[in-house]
Amino acid sequence: GWCPLSPTGAQTTQLLVQPSWRPAVLWDRVTLTCQGSGTAGATTWYKDGWHWLKKGSNHVTVTESGTCTCDRPGTELSPPVIILNDSLVLQVPTRTLLEGDTVTLRC
């Protein structure tokens, strides 16, 4: 049967990460894009749970490590994206991986 992914009437917001490797690392010049059905151009950004940028662009280049989220009026808060500042990180592609997939790892 049909199963909704969010409560009735709730709009989802997503954060797209470029380059598309997880975990995201600060030295990779990470750009976040807030996507959702709320009011475009009225994106509020949060870092570590605090207001970061208000009613700004849908895109932001991250300059500090931390946990980032976004929202727009009429939508829910996006799932968090963690930006690390570690000197050595093992990364995997952002896409969904299934058992048996061939995957390229990045060190």
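The values are calculated or read from the model by the stated rules, or taken from the named source; none is laboratory data. This structure is a prediction, so every number in the text was calculated from the model and none was measured. Reconstructed Cβ throughout: ideal geometry from the backbone, glycine too, with neighbour counts over all protein chains shown. For accessibility, only protein heavy atoms count, side chains too; no ligands or nucleic acids. Shrake-Rupley method; radii C 1.70, N 1.55, O 1.52, S 1.80 Å.
According to a simple spin-label model (label point 7 Å from Cα along Cα-to-Cβ), what is the distance in nm between residue 98 and residue 14?
Placing both labels 7 Å beyond Cα along the Cβ direction yields 1.7 nm.
Top to bottom by accessible area (1.4 Å), largest first, where do 34, 107 land?
Result, largest first: 107, 34.
Please check the chain for the longest run free of trypsin sites (Lys or Arg not before Pro) that are loop-located per DSSP (anything but H, G, I, E, B) and have at most 14 other Cβ atoms within 10 Å.
Numbers: sites that count: 29, 95.
Within the chain, the longest run free of exposed trypsin sites (Lys or Arg not before Pro) spans 30-94.
What figure, in Å² to the nearest 10, do you get for the accessible area of residue 27 with a 1.4 Å probe and non-protein molecules left out?
In the full protein context, residue 27 sits at about 130 Å².
Hull surface divided by four, with the convex hull built on the Cα atoms of segment 46-107: how many nm²?
That works out to 6.0 nm².
Using the Cα atoms of the chain to build a convex hull, what is its mean projected area in square nanometres?
8.4
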